[in-house]
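**Student:** Let me give you the structure first, and then I'll get to my questions.
The values are calculated or read from the model by the stated rules, or taken from the named source; none is laboratory data. Since we're looking at a predicted model, the values are computed, not measured. Don't worry about glycine lacking a Cβ; one is built from the backbone with ideal geometry, like all the others, and counts go over all protein chains shown.
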Amino acid sequence: MRLIIAAHHEPGSEKVAREIAEHGVEETFRAIPEHERADIKEIYNAISRCGGEVITPEDSHWPSAVNDLQTPPIALIVKGNLSALTHKSLAIVGTRNPTPYGVRAAQEFAAGFVDREWAIVSGGAYGIDSAAHKGALIAEGITIAVTASGLDIPYPAGNQRLFEEIIENGAILTEYLPGTTARPHRFLVRNRLIAALSEGTLVVEAAFRSGSLRTARDAADLARPVMAIPGPITAPTSEGCHRLIGERCAELVTSIPDALELLSSLV
């Protein structure tokens with residue numbers, strides 16, 4: 001039933017989340033006219049062809065932290081190591097156009113947290129996301145990519161090799177059914193999952209207006225720690241981080257011990 005609901009409604013719908021909370025999954029399913037219901041067998045076959053598995057809140061591998069969201073996912077589609085979803089994790093996010101400073105910082109923080117048996121969560125995009133995933137992989141740790149498209153249409157396509165490396169120990173996770181392409185609004189919806197899956201969120205580099213700031217605010221809405229790495233005051237790629245720090249939305253961190261101390265005091 002959950003997959004039929006997911007096929008009928010875009011993820012992140014407040015209306016659907018409210019209906020499920022008030023009336024339950026079965027009633028929400030029954031409200032969909034029969035002639036509009038997707039073919040459940042076709043959906044499962046499409047997911048299977050992608051190498052994915054469906055999990056719901058009833059499954060042992062369901063990451064219960066996402067239930068804290070105002071619009072929790074109806075179901076999740078996962079490729080890779082399901083146990084990665086319940087691992088203690090840090091989200092690392094940032095610009096798609098980082099400086100060498102940002103790439104180095106993302107990789108070093110990711111590797112440092114992996115060395116301390118944390119998983120790294122990010123969005124699989126170019127830039128800081130990729131640097132964070134690669135830092136975790138270099139340290140032979142677990143990393144999770146949360147995507148804004150179906151498993152059969154990986155985005156960005158140029159990161160296909162990275163995605164293959166991620167699923168060796170970690171996972172690719174999405175709310176979107178096969179056949180769904182990445183669109184700007186879907187990245188914003190996806191960002192709330194990155195924040196919810198993690199004990200805290202670290203913004204490495206971000207422009208003044210950036211999707212990474214949305215992830216940071218999603219984390220703050222969940223009362224999860226938000227951290228930001230400062231950069232040169234003249235660097236446009238650090239304006240978003242400085243904005244978060246200036247608005248008291250994020251704590252300034254300059255080292256892995258700083259971040260760990262902050263997380264241990266607030267988590």
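**Student:** So which residues in region 1-49 are under 26 Å from the mean Cα position of the chain (by Cα) and charged (D, E, K, R)?
**Tutor:** Of everything in region 1-49, those that are under 26 Å from the mean Cα position of the chain (by Cα) and charged (D, E, K, R) turn out to be 2, 10, 14, 15, 18, 19, 49.
**Student:** Ok, one more. Scanning region 120-147 for residues that are of a type in the set (D, E, K, R) and out of contact with any Leu (no Cβ under 8 Å at 6 or more places or on another chain), which turns out surrounded by the fewest Cβ atoms within 10 Å (Cβ to Cβ)?
**Tutor:** Within region 120-147, the match that is surrounded by the fewest Cβ atoms within 10 Å (Cβ to Cβ) is 140.
**Student:** Can you confirm whether residue 177 is within 20 Å of residue 51 (Cβ to Cβ), in contact (Cβ under 8 Å) with a residue 40 or more places away in the chain, assigned to a loop (DSSP other than H, G, I, E, B) and touching a Phe, Trp or Tyr at 6+ places or on another chain (Cβ under 9 Å)?
**Tutor:** no
**Student:** Something else: If you check 84, 17, which single one turns out to be buried (at least 18 other Cβ atoms within 10 Å of the Cβ), in contact with a strand residue (DSSP E or B) (Cβ under 6 Å, 6 or more places away or on another chain) and within 30 Å of residue 263 (Cβ to Cβ)?
**Tutor:** It is 84.
Every residue, every condition in (1) surrounded by fewer than 15 Cβ atoms within 10 Å (Cβ to Cβ); (2) basic (Lys, Arg); (3) in contact (Cβ under 8 Å) with a residue 24 or more places away in the chain, yes or no:
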{"residue": "209", "(1), (2), (3)": "yes, yes, yes"}
{"residue": "215", "(1), (2), (3)": "no, no, yes"}
{"residue": "227", "(1), (2), (3)": "no, no, yes"}
{"residue": "233", "(1), (2), (3)": "yes, no, no"}
{"residue": "237", "(1), (2), (3)": "no, no, yes"}
{"residue": "243", "(1), (2), (3)": "no, yes, yes"}
{"residue": "253", "(1), (2), (3)": "no, no, yes"}
{"residue": "257", "(1), (2), (3)": "yes, no, no"}
{"residue": "261", "(1), (2), (3)": "yes, no, no"}
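Residues checked against (1) at pLDDT 95 or above; (2) among the hydrophobic types (A, V, I, L, M, F, W, C); (3) out of contact with any Ser or Thr (no Cβ under 8 Å at 6 or more places or on another chain):
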{"site": "6", "(1), (2), (3)": "no, yes, yes"}
{"site": "15", "(1), (2), (3)": "no, no, yes"}
{"site": "54", "(1), (2), (3)": "yes, yes, yes"}
{"site": "63", "(1), (2), (3)": "yes, no, no"}
{"site": "66", "(1), (2), (3)": "yes, yes, yes"}
{"site": "73", "(1), (2), (3)": "yes, no, yes"}
{"site": "89", "(1), (2), (3)": "yes, no, no"}
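**Student:** What are the residues in region 136-162 that are touching a strand residue (DSSP E or B) at 6+ places or on another chain (Cβ under 6 Å) and within 18 Å of residue 126 (Cβ to Cβ), if any?
**Tutor:** Of everything in region 136-162, those that are touching a strand residue (DSSP E or B) at 6+ places or on another chain (Cβ under 6 Å) and within 18 Å of residue 126 (Cβ to Cβ) turn out to be 136, 143, 144, 145, 146, 147.
**Student:** Go through the residues of region 177-186 one by one and say whether even a single one is surrounded by fewer than 20 Cβ atoms within 10 Å (Cβ to Cβ), closer than 20 Å to residue 117 by Cα and at pLDDT 95 or above.
**Tutor:** no
**Student:** In region 217-236, what residues are within 21 Å of residue 194 (Cα to Cα) and assigned to a helix (DSSP H, G or I)?
**Tutor:** The answer is 217, 218, 219, 220, 221.
**Student:** Among the candidates 15, 79, 41, which residue alone is free of Cβ contacts under 8 Å to residues at least 12 places away in the same chain, under 23 Å from residue 186 (Cα atoms) and not aliphatic (A, V, I, L, M)?
**Tutor:** Sole residue among the options that is free of Cβ contacts under 8 Å to residues at least 12 places away in the same chain, under 23 Å from residue 186 (Cα atoms) and not aliphatic (A, V, I, L, M): 15.
**Student:** When residues of region 127-176 are filtered for being closer than 12 Å to residue 106 by Cβ and in contact with a Pro (Cβ under 6 Å, 6 or more places away or on another chain), how many remain?
**Tutor:** The qualifying residues number 2.
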